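One structure, as structure tokens, below. Some questions next.
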Amino acid sequence: MESISRGLEDVNIKWTRLTTIDGEKGILWYAGYRIEDIINAKAKAEEIQYLFLYGNLPNRSQLDDFEKKVQQGYKIPDYSIKAITALPRTSDAVALQMNAMATFAATEKFAWNKATDRDTAARIIGQMASVTAVAIRHAMGKEPRLLEPSSSLAESFLKAVFDRSPNEKEIEAMNDALILYLDHEVPASTTAGLVVVSTLSDMYSGIVGALAALKGPLHGGAEEAAAMQFQEIGDPSKVDSWFQENIKSGKKRLMGFGHRVYKTYDPRAKIFKRLAQELNLKGAPKTLYEIAERLEELGIKELGAKGIYPNTDFYSGIVYMGLGFPLQNNIYTALFALSRVTGWMAHFIEYVEEQHRLIRPRAVYVGPSERPFVPLDKR
Ligand code: ACO
């Protein structure tokens, strides 16, 4: 039988100038800049969004101009809001993002165009931020509220969700989360979106496809699952027995551990761990951090030899919880998507503009050989 590439493992589907990963050493670069250097320099998320879309870090006036383009997306139409609020408050937040983004696919006349793709993408970042704020507020039982311009996307977003001015620490944590999840080469979600735009469908439809793939528990959904697992354990004194019963026995996978590319500690997980540890924000009980830390220790001892270490989803949920986002309705994955939408669009633009080809793989047929068709009443 002809061989197939299960899971497209190690198949290169495009070239990129955006992100590169050394999975053996645990290094992540965004267009040549190490993720740690970006975070330590206290870069603003908008600077890195600009880097992904336009290829270089912006100067001050380019950044101001870019931020205005993002802000133009904040005001979304009533029908996009209704695509969220018409659904039950228990709805999955990522599916609500899909619904609302699909309203733009339905109504906006999008055509791929080198002269306008990047500016459109900047506006979509703003639209996605308002969509996400409305979806999260809906889950929290609150009326819709859109973002309004302020000093940063992180600040505007937190204000819109929580109806109050966030403090500096909270803005910094949200800003860093926006950067840490911004891109990661071509995981399942980006690949799903690339398949969509390879048909020359529009940018919004590509995002809807990517969101659908992100939602699953083996990808972005792991973030909520990891935090749920800490909550299920509930008490640091119960970690060891829970681990024996569930992970060592092979009954469950340790969520937030393991990665197709990283065979060592994911560098983003280290930064999220520091944020979770340092921030001491309101929402997350300290015990959750203690549970996570002990679980990490046991997980590495048991699985580290197989190259299974904490991934970016292990500690990020504690940071989101600390910021006050409730652990429900896949909200943490919706926050991941808010960040990743920039990476998705940057990859779509790279692909459509410079290396476009319809993605249409083949399947090796292993079914019956030709046989006579028997009509229904003769079967
Ligand atoms: N817990 C326990 N065992 C694990 C885990 C884990 N989290 N991850 C992998 N393994 C084991 C598998 O059981 C398998 O063992 P075996 O060889 O004895 O059968 C071996 O490691 C290889 O696992 P695969 O699933 O083949 O590896 P793959 O590259 O497909 O896995 C994946 C990647 C899906 C992320 C996996 O590690 C996993 O399920 N992790 C938990 C979910 C998760 O955290 N996902 C988030 C990924 S990061 C992101 O999307 C942002």
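Pull up region 214-224, narrow it to residues that are more than 13 Å from D92 (Cβ to Cβ) and buried (at least 20 other Cβ atoms within 10 Å of the Cβ), then point me to the one that is farthest from the ligand (Cβ to nearest atom).
Once the filter is applied, the top-ranked residue is E223.
Could I ask something else about it? Give region 61-87 a look and list any residue that's among the basic types (K, R) and either closer than 18 Å to I125 by Cβ or crowded, with 21+ Cβ neighbours inside 10 Å (or both), or say none.
The initial filter retains those residues of region 61-87 that are among the basic types (K, R), namely 68-69, 75, 82.
Scanning region 61-87 gives K68, K69, K75.
Being among the β-branched types (V, I, T), surrounded by 19 or more Cβ atoms within 10 Å (Cβ to Cβ) and in contact with a helix residue (DSSP H, G or I) (Cβ under 9 Å, 6 or more places away or on another chain) is the requirement here; does T107 meet it?
Details: among the β-branched types (V, I, T): yes; surrounded by 19 or more Cβ atoms within 10 Å (Cβ to Cβ): no; in contact with a helix residue (DSSP H, G or I) (Cβ under 9 Å, 6 or more places away or on another chain): yes.
The answer is no for T107.
I would also like to ask the following. Being surrounded by fewer than 24 Cβ atoms within 10 Å (Cβ to Cβ) and among the small types (G, A, S) is the filter; apply it to region 181-208 and report the residue that is nearest to the ligand (Cβ to nearest atom).
Restricting to residues being surrounded by fewer than 24 Cβ atoms within 10 Å (Cβ to Cβ) and among the small types (G, A, S), the top hit is A188.
Would you mind finding the one in K44, K69 that is within 23 Å of V208 (Cβ to Cβ) and in contact (Cβ under 8 Å) with a residue 24 or more places away in the chain?
Values: K44 fails: within 23 Å of V208 (Cβ to Cβ).
Of the residues listed, the single one that is within 23 Å of V208 (Cβ to Cβ) and in contact (Cβ under 8 Å) with a residue 24 or more places away in the chain is K69.
Out of all the residues in region 113-124, is one or more β-branched (V, I, T) and surrounded by fewer than 18 Cβ atoms within 10 Å (Cβ to Cβ)?
Scanning region 113-124 turns up at least one residue that is β-branched (V, I, T) and surrounded by fewer than 18 Cβ atoms within 10 Å (Cβ to Cβ).
When region 1-17 is examined, which residues are found to be farther than 16 Å from V261 by Cα, among the aliphatic types (A, V, I, L, M) and away from the ligand (no atom under 16 Å from the Cβ)?
Passing the criteria: only M1.
Within region 1-9, is there a residue that is over 19 Å from E185 (Cβ atoms), small (G, A, S), part of a loop (DSSP other than H, G, I, E, B) and out of contact with any strand residue (DSSP E or B) (no Cβ under 9 Å at 6 or more places or on another chain)?
Yes: region 1-9 contains one or more residues that are over 19 Å from E185 (Cβ atoms), small (G, A, S), part of a loop (DSSP other than H, G, I, E, B) and out of contact with any strand residue (DSSP E or B) (no Cβ under 9 Å at 6 or more places or on another chain).
Just a yes or no: is a residue in region 310-325 without any contact (Cβ under 8 Å) to a residue 24 or more places away in the chain and more than 12 Å from A177 (Cα to Cα)?
No, that holds for no residue.
Additional query: Anything in region 18-32 that is over 12 Å from V261 (Cα atoms) and over 20 Å from the mean Cα position of the chain (by Cα)? List them, or say none. Let's see the steps before the verdict.
Within region 18-32, the first condition is being over 12 Å from V261 (Cα atoms), and the residues that meet it are 18-19, 29-32.
Across region 18-32, the qualifying residue is only G32.
Read the figures in this text as sums done on the coordinates, not as results from a lab. Please read these numbers as outputs of a predicted model, since none were measured by experiment. Positions of Cβ are backbone-derived with ideal geometry, glycine not excepted, and every protein chain shown enters the neighbour counts.
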